[in-house]
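Reviewing the structure listed below.
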Amino acid sequence: LREKMIEAQRKLEQRAREEADAQRQPKDPQDGSGSGQQSKVSPKDSQQINLTDPDSALMRKSRRDSYEQAYNAQAVVDADGSQLVLATDVIRTPSDANQLEPALEQVPECGGPVQRMLADGGYVNADAIERVGQKVDLYVAIASEDNSYRRYDYRPAKKRPVKKVTDPRLVAMREKVSSEDGKRIYGKRASTVE
(Lines give C-alpha, C1' and ligand atoms only; values in the text may rest on other atoms or scores of the structure.)
Protein backbone atom coordinates (compact mmCIF):
# COMPACT_ATOMS: atom_id res chain seq x y z
CA LEU A 1 0.00 0.00 0.00
CA ARG A 2 2.85 2.40 0.80
CA GLU A 3 4.26 1.97 -2.72
CA LYS A 4 0.86 2.78 -4.22
CA MET A 5 0.62 5.94 -2.12
CA ILE A 6 4.12 7.05 -3.17
CA GLU A 7 3.26 6.39 -6.84
CA ALA A 8 -0.02 8.33 -6.48
CA GLN A 9 1.85 11.28 -4.95
CA ARG A 10 4.36 11.18 -7.82
CA LYS A 11 1.51 11.23 -10.38
CA LEU A 12 -0.19 14.15 -8.63
CA GLU A 13 3.07 16.10 -8.65
CA GLN A 14 3.58 15.29 -12.33
CA ARG A 15 0.06 16.49 -13.12
CA ALA A 16 0.66 19.71 -11.17
CA ARG A 17 3.91 20.32 -13.12
CA GLU A 18 2.13 19.76 -16.45
CA GLU A 19 -0.66 22.18 -15.47
CA ALA A 20 1.88 24.79 -14.33
CA ASP A 21 3.84 24.39 -17.59
CA ALA A 22 0.64 24.82 -19.61
CA GLN A 23 -0.23 28.04 -17.77
CA ARG A 24 3.29 29.48 -17.75
CA GLN A 25 3.87 32.17 -20.34
CA PRO A 26 6.89 31.66 -22.61
CA LYS A 27 9.86 33.52 -21.18
CA ASP A 28 11.83 36.01 -23.21
CA PRO A 29 15.33 34.47 -23.54
CA GLN A 30 16.92 37.95 -23.54
CA ASP A 31 15.55 39.07 -20.18
CA GLY A 32 17.22 36.28 -18.21
CA SER A 33 14.00 35.10 -16.59
CA GLY A 34 13.90 31.87 -18.57
CA SER A 35 17.04 30.40 -17.04
CA GLY A 36 15.79 26.85 -17.47
CA GLN A 37 15.44 26.23 -13.73
CA GLN A 38 12.10 24.82 -12.69
CA SER A 39 10.69 25.71 -9.32
CA LYS A 40 9.20 22.89 -7.29
CA VAL A 41 5.48 22.60 -7.99
CA SER A 42 3.23 20.88 -5.47
CA PRO A 43 -0.31 19.67 -6.11
CA LYS A 44 -3.14 21.48 -4.37
CA ASP A 45 -4.53 19.84 -1.26
CA SER A 46 -7.86 19.37 -3.04
CA GLN A 47 -6.37 17.35 -5.92
CA GLN A 48 -7.04 13.65 -5.76
CA ILE A 49 -6.12 10.51 -7.65
CA ASN A 50 -7.79 7.12 -7.73
CA LEU A 51 -5.33 4.33 -6.89
CA THR A 52 -7.15 1.72 -8.98
CA ASP A 53 -8.13 3.94 -11.94
CA PRO A 54 -5.86 7.00 -12.11
CA ASP A 55 -7.22 8.09 -15.50
CA SER A 56 -10.70 8.75 -14.07
CA ALA A 57 -11.70 11.86 -12.13
CA LEU A 58 -14.01 12.78 -9.29
CA MET A 59 -16.95 14.62 -10.85
CA ARG A 60 -20.67 15.23 -10.65
CA LYS A 61 -23.31 15.94 -13.28
CA SER A 62 -24.65 19.07 -11.58
CA ARG A 63 -24.70 20.88 -8.26
CA ARG A 64 -27.65 18.72 -7.23
CA ASP A 65 -25.92 15.38 -7.84
CA SER A 66 -23.37 13.55 -5.74
CA TYR A 67 -19.70 13.12 -6.66
CA GLU A 68 -18.67 9.93 -8.46
CA GLN A 69 -15.41 8.57 -9.82
CA ALA A 70 -16.13 8.82 -13.53
CA TYR A 71 -15.28 9.81 -17.06
CA ASN A 72 -17.08 12.25 -19.34
CA ALA A 73 -17.90 10.58 -22.66
CA GLN A 74 -18.40 12.67 -25.79
CA ALA A 75 -20.14 11.53 -28.98
CA VAL A 76 -20.62 13.13 -32.38
CA VAL A 77 -23.59 11.70 -34.26
CA ASP A 78 -24.96 12.31 -37.75
CA ALA A 79 -28.34 13.90 -36.99
CA ASP A 80 -29.42 14.15 -40.65
CA GLY A 81 -30.46 10.60 -41.33
CA SER A 82 -27.97 7.80 -40.72
CA GLN A 83 -27.50 8.46 -36.96
CA LEU A 84 -24.00 7.06 -37.42
CA VAL A 85 -21.55 7.78 -34.60
CA LEU A 86 -18.85 9.86 -36.31
CA ALA A 87 -16.49 10.48 -33.38
CA THR A 88 -16.09 9.70 -29.70
CA ASP A 89 -13.87 10.91 -26.90
CA VAL A 90 -13.48 10.38 -23.18
CA ILE A 91 -12.29 13.29 -21.05
CA ARG A 92 -11.39 13.75 -17.38
CA THR A 93 -13.35 16.96 -16.78
CA PRO A 94 -17.07 17.15 -15.99
CA SER A 95 -17.64 20.23 -18.15
CA ASP A 96 -18.40 20.00 -21.87
CA ALA A 97 -17.85 23.75 -22.37
CA ASN A 98 -14.49 23.37 -24.15
CA GLN A 99 -15.43 20.38 -26.30
CA LEU A 100 -17.13 21.97 -29.34
CA GLU A 101 -13.91 22.45 -31.29
CA PRO A 102 -12.39 19.04 -30.45
CA ALA A 103 -15.67 17.39 -31.48
CA LEU A 104 -15.64 19.15 -34.84
CA GLU A 105 -11.97 18.29 -35.42
CA GLN A 106 -12.53 14.59 -34.66
CA VAL A 107 -15.09 14.05 -37.42
CA PRO A 108 -13.24 12.11 -40.14
CA GLU A 109 -12.89 13.76 -43.54
CA CYS A 110 -14.21 10.64 -45.30
CA GLY A 111 -17.71 11.55 -44.05
CA GLY A 112 -17.63 14.81 -45.97
CA PRO A 113 -17.54 18.32 -44.59
CA VAL A 114 -19.59 19.09 -41.49
CA GLN A 115 -22.29 21.56 -42.44
CA ARG A 116 -24.28 21.87 -39.21
CA MET A 117 -23.64 21.18 -35.52
CA LEU A 118 -26.17 20.85 -32.68
CA ALA A 119 -25.10 20.96 -29.02
CA ASP A 120 -26.85 21.17 -25.66
CA GLY A 121 -26.44 23.82 -22.96
CA GLY A 122 -23.39 22.12 -21.48
CA TYR A 123 -21.34 23.32 -24.46
CA VAL A 124 -21.98 27.03 -23.85
CA ASN A 125 -18.69 28.85 -24.31
CA ALA A 126 -19.02 32.16 -26.14
CA ASP A 127 -15.52 32.11 -27.62
CA ALA A 128 -15.85 28.53 -28.88
CA ILE A 129 -19.34 29.23 -30.24
CA GLU A 130 -17.95 32.19 -32.18
CA ARG A 131 -15.03 30.19 -33.64
CA VAL A 132 -17.05 27.09 -34.52
CA GLY A 133 -19.92 29.22 -35.83
CA GLN A 134 -17.56 30.65 -38.44
CA LYS A 135 -16.91 27.11 -39.77
CA VAL A 136 -20.36 25.47 -39.60
CA ASP A 137 -24.03 26.32 -39.07
CA LEU A 138 -24.08 25.99 -35.26
CA TYR A 139 -27.03 25.57 -32.88
CA VAL A 140 -26.27 25.54 -29.13
CA ALA A 141 -28.96 25.70 -26.46
CA ILE A 142 -28.16 28.69 -24.27
CA ALA A 143 -31.10 28.55 -21.86
CA SER A 144 -30.51 26.46 -18.77
CA GLU A 145 -33.92 26.97 -17.16
CA ASP A 146 -35.19 23.89 -19.02
CA ASN A 147 -32.96 21.74 -16.80
CA SER A 148 -33.89 23.25 -13.43
CA TYR A 149 -35.49 20.16 -11.94
CA ARG A 150 -34.60 17.89 -9.07
CA ARG A 151 -34.79 14.16 -9.52
CA TYR A 152 -36.81 12.47 -6.79
CA ASP A 153 -38.06 15.80 -5.49
CA TYR A 154 -41.84 15.86 -5.64
CA ARG A 155 -42.29 19.32 -4.20
CA PRO A 156 -43.59 22.03 -6.54
CA ALA A 157 -40.84 23.66 -8.55
CA LYS A 158 -39.55 26.94 -7.18
CA LYS A 159 -39.74 30.03 -9.31
CA ARG A 160 -36.14 30.97 -9.96
CA PRO A 161 -35.03 34.08 -11.74
CA VAL A 162 -33.86 33.41 -15.27
CA LYS A 163 -30.16 34.13 -15.64
CA LYS A 164 -29.81 37.12 -17.92
CA VAL A 165 -27.59 36.47 -20.93
CA THR A 166 -25.66 39.61 -21.84
CA ASP A 167 -22.92 38.39 -24.19
CA PRO A 168 -24.12 39.39 -27.69
CA ARG A 169 -22.82 36.11 -29.16
CA LEU A 170 -24.90 34.09 -26.70
CA VAL A 171 -27.95 36.33 -27.17
CA ALA A 172 -27.71 35.80 -30.94
CA MET A 173 -27.40 32.03 -30.49
CA ARG A 174 -30.37 31.95 -28.11
CA GLU A 175 -32.47 33.81 -30.68
CA LYS A 176 -31.27 31.51 -33.48
CA VAL A 177 -32.21 28.34 -31.57
CA SER A 178 -35.58 29.73 -30.44
CA SER A 179 -36.63 30.78 -33.96
CA GLU A 180 -39.09 28.56 -35.87
CA ASP A 181 -36.33 27.11 -38.07
CA GLY A 182 -34.03 26.82 -35.08
CA LYS A 183 -36.60 24.82 -33.09
CA ARG A 184 -37.16 22.48 -36.04
CA ILE A 185 -33.43 21.95 -36.64
CA TYR A 186 -32.44 21.74 -32.95
CA GLY A 187 -35.31 19.33 -32.30
CA LYS A 188 -33.36 16.62 -34.18
CA ARG A 189 -31.15 16.18 -31.11
CA ALA A 190 -34.01 14.47 -29.26
CA SER A 191 -34.15 11.61 -31.77
CA THR A 192 -30.41 11.22 -32.34
CA VAL A 193 -27.86 11.87 -29.60
CA GLU A 194 -30.23 11.93 -26.67
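The values are calculated or read from the model by the stated rules, or taken from the named source; none is laboratory data. The shown structure was predicted, so the numbers you read here are calculated from the model rather than taken from an experiment. For neighbour counting, all protein chains shown are included, and Cβ atoms are generated from backbone atoms with ideal geometry for every residue, glycine included. What goes into the accessible areas is simple: the full protein's heavy atoms, side chains included, and nothing from ligands, DNA or RNA. Shrake-Rupley method; radii C 1.70, N 1.55, O 1.52, S 1.80 Å.
Find the accessible area per residue for the chain; the probe is 1.4 Å, ligands and nucleic acids are left out, and the unit is Å².
Numbers: 14660 Å² over 194 residues.
Using a 1.4 Å probe on heavy atoms only, each residue of the chain averages 76 Å².
Once you charge only the Cβ atoms, +1 for Lys and Arg and -1 for Asp and Glu, what is the size of the charge dipole of region 53-194 about its Cα centre, to the nearest 20 debye? Provide the component values of the computation, followed by the final result.
On the way: 23 positive and 23 negative charges, 210 e Å.
That gives a dipole near 1000 debye.
Residue ranges 130-136, 163-169, 175-181 sort as 130-136, 175-181, 163-169 when ordered by packing (mean number of other C-beta atoms within 10 Å per residue, highest first).
Computed from Cα positions, the angle between helix 2-23 and the longest principal axis of the chain comes to roughly 70 degrees. Here's the picture: charge each Lys and Arg Cβ at +1 and each Asp and Glu Cβ at -1 in the chain, and of 157, 46, 108 the one pushed furthest to the positive end of that dipole is 157.
Each of (1) -0.46; (2) -0.31; (3) -0.41 is a candidate for log10 I(q)/I(0) by the Debye sum over Cα atoms at q = 0.08 Å⁻¹; the one calculated from this structure is (3).
Would you mind getting me the FRET efficiency between residue 21 and residue 89? Use the beta-carbon distance for r and R0 = 22 Å, nearest 0.05. Don't jump to the answer; show the numbers that get you there.
Details: r = 23 Å, r/R0 = 1.04.
Once the sixth-power term is evaluated, E becomes 0.45.
If R0 equals 41 Å, the separation of the Cβ atoms of residue 172 and residue 110 corresponds to a calculated FRET efficiency of about 0.80. Taking Cα atoms only, the orientation of helix 168-178 departs from the longest principal axis of the chain by about 40 degrees. Projecting the Cα atoms of 58, 128, 23 onto the charge dipole of the chain, computed from C-beta unit charges around the Cα centre, puts 58 farthest toward the positive end.
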